[in-house]
Every structure is written in structure tokens, then in C-alpha cells.
Amino acid sequence: MVLVTNASNNALAARTGLLVALMPNLETVSQELDKLVPVFDEFTRAMQMKLSLKVFQGSTGWDDPAWTIEMATKALNAHVEKGDLVDVANFAMFIWFKQQESTS
């Protein structure tokens, strides 16, 4: 049996109040998502178009185990220097995929 004291009630109330204060306004969340989703869709289309072009040009091997995370990171950094954010995102995706593979 657990005894609940006024001190623990006060602590629970304080935590609950904090959680309520931290909860976002659902209307604000909905409005933000309404803005973010189309931007995400447009950006991922740009990623797909760039990847498709590269495949048509003969680029392959992103999933080759011989192409290491370190190599992919070096390529990502080179594209950061060039300012090509779509390529940066694509290389980040490759690295993310390789990391997921290594943890499974």
C-alpha cells in the first residue's frame, strides 16, 4: 500500500501543471503542420528527382557495404561546401540508412 502525502500531492500537481503548460495548443500544431507538410513534400520530390537523374547518369552503389559511413560523410561535407542542400539531404539519408543497418 502506498501512502500519498500532501507533499507528494503537491509534487504531482506541480508536475501535472508543468506538463499542461508544456502542451502545445492543438490549433497551433495543426497550423504549423499544414505549412510544414507541403514544404517537406516539395523537398523530398527534389531529392527524388536528383537521385533519379544520378541513377540515369549511371551512379549506383549507395547501399554497397564497401561505401562506408565515413566515405558518405566526406561526400556530404563536400556538398555542404558546394551549397547543394538537396545533395546534402540525399547524402544524409544514405548515412542514416547505413546507421540503421549497422544497428539492426
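The values are calculated or read from the model by the stated rules, or taken from the named source; none is laboratory data. Values in this document were obtained by computation on a predicted structure and should not be read as measured data. Neighbour counts run over all protein chains shown; Cβ positions are idealised from the backbone, glycine included.
Take the conditions of a type outside the set (Gly, Ala, Ser), within 24 Å of TRP96 (Cβ to Cβ) and modelled with pLDDT under 95 and apply them to ASP63. Does it pass?
Working: of a type outside the set (Gly, Ala, Ser): yes; within 24 Å of TRP96 (Cβ to Cβ): yes; modelled with pLDDT under 95: yes.
For ASP63, the condition - of a type outside the set (Gly, Ala, Ser), within 24 Å of TRP96 (Cβ to Cβ) and modelled with pLDDT under 95 - is met.
Only a single criterion out of (1) of a type outside the set (Val, Ile, Thr); (2) surrounded by fewer than 10 Cβ atoms within 10 Å (Cβ to Cβ); (3) over 24 Å from SER102 (Cα atoms); (4) modelled with pLDDT of 95 or more is not satisfied by PRO24, namely (4).
All of (1) under 15 Å from the mean Cα position of the chain (by Cα); (2) among the charged types (D, E, K, R); (3) surrounded by fewer than 12 Cβ atoms within 10 Å (Cβ to Cβ) hold for LYS98 with one exception: (3).
For segment 32-54, a residue qualifies if it is hydroxyl-bearing (Ser, Thr, Tyr) and within 17 Å of the chain's Cα centre (by Cα), and exactly one does: THR44. What do you reckon, is SER102 part of a helix (DSSP H, G or I), out of contact with any helix residue (DSSP H, G or I) (no Cβ under 7 Å at 6 or more places or on another chain) and among the small types (Gly, Ala, Ser)? Here the answer is yes, as SER102 does meet what is asked. Which of the residues belonging to segment 69-104 are modelled with pLDDT under 95 and more than 20 Å from THR44 (Cβ to Cβ)? Result: GLU101, SER102, THR103, SER104. Residues of segment 38-66 that are hydrophobic (A, V, I, L, M, F, W, C), surrounded by 10 or more Cβ atoms within 10 Å (Cβ to Cβ), farther than 14 Å from ALA92 by Cα and without any contact (Cβ under 8 Å) to a residue 40 or more places away in the chain: PHE40, MET49, LEU53, VAL55.
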